[in-house]
Amino acid sequence: MILDLPAAPVSGDATSQSEWRHAVRRALLGWRAGLDAATHHHLSGKIRDHFTRFLADHPKATVGFYWPIQNEIDVRPVIEAHIASGGRAALPVVPGKDQPMVFHAWTPDTEMVPGFARIPEPTGTDVLTVDVLLAPLVGFDGQGYRLGYGGGFFDRTLAACEPKPLVIGIGFEATRLQDILPHQYDVPVDILITDQGTTKIA
């Protein structure tokens, strides 16, 4: 699949690059929203298979994952199997505007409440330190830089994590860009998982 995306700016100024990222983000989200159910299911299944194989090498890891929104890949079946085999999982809670996310323990029986942007968050569970952190990709490039939703939550959270978890970007291969023109404070992921496979970033 080849997407028709805005051309990258010739100018290197920050305003042009920010406007370009905004336009690309909008185009990629529009593509994902319009993905037909059968294709989404097929590609998501491939991604879940690759993620399952990755977790087979990390059976006791505490995995920070995401609640799927806006037609993202739903990794909950893999997470549930990971928990059943002895691993742990956690979902992010957003304490407030411009604050890093905090990860709270999650199981399929955890009570959920609407959180930031009405995204479900766990309530009444312990805060966990995650070993593996999943980052959903709106878009990405081969250097591991991700295009997210523009809120900066991921980078603020990573900056606050101690020790730093292994970061995995998960998304559709069709949203790979040559270069997302990252900001100087953007943090690349360590591993990319798409429908085409798993790639470690050098």
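Quick notes on this structure:
- For the chain, the tally of Lys pairs with Cα-Cα distances below 25 Å comes to 6, considering only residues 8 or more apart or on different chains.
- Accessible surface of the chain, 1.4 Å probe: 53 percent of it comes from carbon and sulfur atoms.
- Computed over neighbours whose Cβ is under 14 Å from that of Thr110, the net charge equals -3, Lys and Arg +1, Asp and Glu -1.
- Mean residue ellipticity (222 nm) of the chain, computed from DSSP H runs ≥ 4 via -39,500 (n - 2.57), nearest 500: -9000 deg cm²/dmol
- Simple Cβ-charge dipole of the stretch 1-69, Lys/Arg +1 and Asp/Glu -1, about Cα centre, in debye nearest 20: 260 debye
- Residue list for the stretch 161-189, given a label point 7 angstrom along the Cα-to-Cβ vector of Gln143 and an amide N cut-off under 14 Å: 177-189
- Calculated FRET value between Ala84 and Tyr185, using beta carbons and R₀ = 35 Å, to 0.05: 0.40
- Under-5 Å amide H pairs with Val93, H placed in peptide plane, nonlocal only: Val102, Phe103, His104
- Amide N of the stretch 166-193 lying under 12 Å from the label point, which is placed 7 angstrom from the Cα of Ala159 along Cα→Cβ: 184-187
- Probe 1.4 Å, accessible area per residue of the stretch 49-112, Å²: 49 Å²
- Here the 3J(HN,Hα) profile of the stretch 93-98, calculated from phi with Karplus coefficients 6.51, -1.76 and 1.60 at θ = phi - 60°, is 10, 9, x, x, 4, 6 Hz, Gly and Pro shown as x.
- GNM top mover of Lys164, Lys97, Lys60 - the chain, alpha-carbon springs below 10 Å: Lys97
- DSSP beta bridges in the chain [antiparallel fraction, %, rounded to 5]: 50 percent
- Among (1) 31, 22, 21; (2) 49, 19, 14; (3) 27, 20, 16, the entry derived from the coordinates for semi-axes √(5λ) of the Cα gyration tensor in Å: (3)
- Dipole magnitude (debye, nearest 20) for the stretch 1-145, charges at Cβ of Lys, Arg, Asp, Glu: 100 debye
- Extension gain for the segment Thr123 to Ala202, taken as residue separation times 0.36 nm less the Cα-Cα distance, is 24.7 nm to one decimal.
- Long-range HN-HN contacts of Leu133 with modeled amide H, under 5 Å: Gly64, Leu166, Val167, Ile168
- From phi via Karplus (6.51, -1.76, 1.60), per-residue ³J(HN,Hα) for the stretch 66-71 in Hz, x at Gly/Pro: 9, 7, x, 9, 6, 6
- Amide H contacts for Arg146 (H built 1.01 Å from N in the peptide plane; partners 5 or more residues away or on another chain; cut-off under 5 Å): Val189.
- Karplus 3J(HN,Hα) series, Hz, for the stretch 135-141 with 6.51 cos²θ - 1.76 cosθ + 1.60 (x for Gly, Pro): 10, x, 9, 6, x, 6, 10
The values are calculated or read from the model by the stated rules, or taken from the named source; none is laboratory data. Just so it is clear, the structure is predicted and the values come from calculations on it, not from any experiment. Quick reminder, even Gly has a Cβ in these numbers, built from the backbone with ideal geometry, and neighbours come from all protein chains shown. Ligands, DNA and RNA are stripped out before the accessible areas are found, and what is left, the full protein with its side chains, is counted by its heavy atoms. Shrake-Rupley method; radii C 1.70, N 1.55, O 1.52, S 1.80 Å.
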